[in-house]
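Written below as structure tokens is the structure these notes are about.
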Amino acid sequence: MATTTATETKTLVNYRVEDGVAVIELSDPPANTYTYEMNRQLDECILKARMDNDVYVLLLTGSGDKFFSAGANIKMLASVTPEFKYYFCLHANETLNRLEQTPKLVLAALNGHTVGGGLEIALAADIRIARKDSGKIGLPEINLGVLPGTGGTQRLSRMVGKSKAIELMVTGNTFTFEEAKDMGIINDIYERENFMENIMEYARQFTPPNKAAKAVGNIKRSVQTGWEIPMESALAVERELQQRLFASEDAKEGLAAYVEKRPATFKAK
């Protein structure tokens, strides 16, 4: 019979659901660096949130108050074979693709340093909000002789443009959250005080009865699916998703509330 080691049973990703928001917390102090095991647990949490009909928003953050995540565990990478490194990157890419394609809104609460693979995780979220004066952000993998290999080269370039993305990655510089906001990498910066409480308040606005959760999810699906296909095909996807929404109870409620000049009460149906 196979034995289970302490490492295999250690919880590296905390998961809880609160008011329709699945909070997924990377937890491996001090820097929340990720290994294959953490990535596997993250994947499981993403799937769990995706399949839970009572979850409408996924919220990623890091444990502690210094790091969202410093990326991959370098000691782990240095000790494994090139074949395992490749498999590790492949699995991490699959996890982040799943996160990006999950038909629910994904928020990243950047509560500290967000560098390397930590930023690559955040880039797979839909909206990124940082805590003021809490750390640096960037993709410094060039200093290790490698590239940002879990989607960083592709997602960053699509976000800030080819030339700027290349500059940021080949210099390996890290920068402030304010600079990242100016470049469009993060959406907003919140004050340090009551950061997570304010993030949760922000997240809850996208849950019933405040918003039509199906519409939120289908907006995301339409953008993600249509981003890299021809416009004609993308518009067809948009029309199909819109038709599904027209048949929903929430659409009927939203239209009726508008006509009746009252706030809509959505039920995610």
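Bear in mind that the values in this text are calculations on the coordinates, not laboratory data. Bear in mind that the values here come from a model prediction, so they are computed numbers and not experimental data. Glycine also receives a Cβ, built like all others from the backbone with ideal geometry; neighbour counts cover every protein chain displayed.
Working from the alpha-carbon coordinates of the chain, get Rg over Rh, Rh being the Kirkwood radius.
0.99
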Quiz item: Given H placed on each backbone N at 1.01 Å, which residues far from Lys136 in sequence or on other chains put an amide H within less than 5 Å of it?
Solution: His113, Thr114
Quiz item: Just Ala203, Ala31, Ala256 to compare: in a GNM of the chain, with alpha carbon springs under 10 Å, which one fluctuates most?
Solution: Ala256
Quiz item: Which angle between 0 and 90 degrees, to the nearest 10, do you get for helix 195-204 versus the longest principal axis of the chain when only C-alpha atoms count?
Solution: 40 degrees
Quiz item: Based on Cα positions only, what radius of gyration and what Dmax would you give for region 213-259, in angstroms?
Solution: 12.0, 37
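Nothing charged except the Cβ atoms of Lys and Arg (+1) and of Asp and Glu (-1): what's the magnitude of the dipole of region 166-269 about its Cα centre? Round to the nearest 20 debye.
780 debye
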Quiz prompt | Residue order, fewest to most beta carbons within 10 Å, for His113, His91 | solution = His91, His113
Quiz prompt | Percent of beta bridges antiparallel (DSSP, the chain, rounded to nearest 5) | solution = 30 percent
Quiz item: GNM on the chain, C-alpha springs below 10 Å: top fluctuator among Thr153, Thr35, Thr225?
Solution: Thr225
Self-check item: Cα-centred dipole magnitude for region 42-126, charges only on beta-carbon of K, R (+1) and D, E (-1), debye, nearest 20
Solution: 180 debye
Quiz prompt | Surface/4 of the Cα convex hull for region 177-269, nm² | solution = 8.3 nm²
Practice problem: Largest first and in whole Å, give the semi-axes of region 109-178's equivalent ellipsoid, each being the square root of 5 times a Cα gyration tensor eigenvalue. | Solution: 18, 13, 11
Exercise. May I have the convex hull volume per residue, in Å³, for the Cα set of region 105-256?
Key: 119 Å³
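Going through region 190-259, which chymotrypsin sites (Phe, Trp or Tyr not before Pro) have at most 16 other Cβ atoms within 10 Å and a DSSP loop state? Please report the intermediate quantities before stating the final value.
Details: sites: Tyr190, Phe195, Tyr202, Phe206, Trp227, Phe246, Tyr258; in loops: Phe206, Trp227.
Those satisfying the criteria are Trp227.
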Self-check item: Listed peptides 99-106, 154-161, 262-269 by packing density, highest first (mean Cβ within 10 Å)
Solution: 99-106, 154-161, 262-269
Practice problem: Please list, or write none, the aspartates and glutamates whose alpha carbon is within less than 15 Å of the alpha carbon of Lys214, excluding same-chain residues fewer than 8 places away. | Solution: Asp52, Asp54, Glu238, Glu240, Glu249, Asp250, Glu253
Exercise. Specify the angular offset, from 0 to 90 degrees and rounded to the nearest 10, of the alpha carbon long axis of helix 82-101 from the longest principal axis of the alpha carbons in the chain.
Key: 20 degrees
Exercise. Quick one: grab the alpha carbon gyration tensor of region 1-148, order the square roots of its eigenvalues as a ≥ b ≥ c, and give me rounded if a/c is under 1.5, else prolate or oblate depending on whether a/b is larger than b/c.
Key: oblate
Self-check item: Among Ser222, Phe206, His91 - extreme Cα towards positive end, dipole of the chain, charges at beta-carbon
Solution: Ser222
Practice problem: Any chance you could give the angle, 0 to 90 degrees and rounded to 10, that helix 36-51 forms with the longest Cα principal axis of the chain? | Solution: 0 degrees
Exercise. For every helix of n ≥ 4 consecutive DSSP H residues, a contribution of -39,500 (n - 2.57) applies; sum these over the chain, divide by its total residues, and give [θ] at 222 nm rounded to the nearest 500 deg cm²/dmol.
Key: -14500 deg cm²/dmol
Exercise. Positive end of the charge dipole of the chain (Lys, Arg +1 and Asp, Glu -1 on Cβ, about the Cα centre): tell me which of Ala70, Met231, Tyr36 has its Cα farthest that way.
Key: Met231
Exercise. Rounded to the nearest Å, what's the spacing between the alpha carbon centres of region 166-233 and region 7-35? Just the number, please.
Key: 20 Å
Exercise. Once you've got the GNM for the chain with C-alpha springs shorter than 10 Å, pick whichever of Gly117, Gly172, Gly71 has the biggest mean-square fluctuation.
Key: Gly172
Quiz item: Using modelled backbone amide H atoms (1.01 Å from N, in-plane), which distant-in-sequence or interchain residues come within less than 5 Å of Leu105's amide H?
Solution: Leu58
Self-check item: Total charge dipole magnitude, region 6-204, about the Cα centre, Cβ charges on Lys, Arg, Asp, Glu only, Debye to nearest 20
Solution: 440 debye
Quiz item: Between Gln154 and Phe246, what length in nm is gained on full extension when 0.36 nm per residue of separation is reduced by their alpha carbon distance?
Solution: 29.7 nm
